[in-house]
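Colleague: The structure under discussion is supplied below as structure tokens; questions concerning it will follow.
Every number here is computed from the coordinates shown, using simple stated rules; none is lab data. A quick note: this is a predicted structure, and the numbers were derived from the prediction, not measured. Heads up, the Cβs are rebuilt from the backbone with ideal geometry, glycines too, and the neighbour counts pull from every protein chain shown.
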Amino acid sequence: MTAVGAKILVVEDDAAIRRLLARTFDRAGYGVVEAGDGRAALAALAIDKPDLVLLDLGLPDRDGLELVPLLARAPGPTVIVVTARDATDDKIAALDLGADDYVTKPFDTEELLARVRSSLRRGARASAERVVIAFGDATIDLVERRVSRAGDEVRLTPREYALLAELARHPKRVLTHAHLLRAVWGPAHLDDVEYLRVTMRGLRRKLEPDPAAPTVLRNEPGVGYRLEATEYFEVT
Ligand code: CA
């Protein structure tokens with residue numbers, strides 16, 4: 001699926017914002033469907049089969065968070081939630097319920113379009129076998145389980161590798177602390193954020209040009225981490 005031509009469902013109860021978003025996506029070449037509340041969103045999901053849903057969490061008839069798992073259920077669309085600036089708990093909950101990303105109000109339309117393109121690319125790739133992901137001056141090969149930097153192999157501990165691999169399987173996507181702890185340490189360790197911090201510190205020392213100012217293993221304050229991947233190489 002190419003980004004342009006994809007169908008976007010805009011779920012927003014504020015008519016002025018909804019129209020602005022619809023116009024923005026329409027001009028960028030997307031198909032657009034609009035819904036003003038949760039009920040209309042679920043109806044549009046069934047009828048219009050959108051590729052991506054932009055979901056405002058503050059809806060009149062139900063909590064937008066309740067809609068995330070219903071909308072994002074495979075093989076459903078990619079979901080990006082729209083939240084208030086300081087709603088960190090909502091961002092974490094939405095990501096853990098299956099949202100792909102979030103944008104914060106008030107948003108810049110260029111930034112929003114970039115997020116949408118990136119989410120659609122990830123959705124299209126999910127089915128392809130992803131082998132090598134490049135980030136900064138390093139790469140990770142998920143099949144050979146090798147990490148190299150400027151051509152030299154980097155030695156990682158098993159936990160460091162597992163953490164980097166989980167981030168690399170979802171390039172550019174924010175993964176919550178709970179998601180990463182579950183994937184790397186298991187469900188008994190969802191509160192052990194210190195494990196994550198220590199392991200992240202080790203990874204940054206080995207992979208960041210300046211570990212004190214990370215540019216590839218990015219911190220999303222209070223939410224989680226994302227890998228700023230630059231390229232993907234796939235087996236087709
Ligand atoms: Ca609203």
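Colleague: Could you list, in sequence order, the residues of the range 8-37 that are away from the ligand (no atom under 11 Å from the Cβ) and in contact with a Lys or Arg (Cβ under 8 Å, 6 or more places away or on another chain)?
Modeller: 10, 30, 31, 32, 33, 34
Colleague: Could I ask something else about it? Would you mind telling me which numbered condition in (1) within 16 Å of the ligand (Cβ to nearest atom); (2) closer than 14 Å to residue 79 by Cβ; (3) hydrophobic (A, V, I, L, M, F, W, C) residue 42 fails?
Modeller: The failed condition is (1).
Colleague: Based on this model, can you work out whether residue 194 counts as closer than 29 Å to residue 85 by Cβ, surrounded by fewer than 19 Cβ atoms within 10 Å (Cβ to Cβ), charged (D, E, K, R) and free of Cβ contacts under 8 Å to residues at least 24 places away in the same chain? Outline the logic, then answer.
Modeller: Numbers: closer than 29 Å to residue 85 by Cβ: yes; surrounded by fewer than 19 Cβ atoms within 10 Å (Cβ to Cβ): yes; charged (D, E, K, R): yes; free of Cβ contacts under 8 Å to residues at least 24 places away in the same chain: yes.
Here the answer is yes, as residue 194 does meet what is asked.
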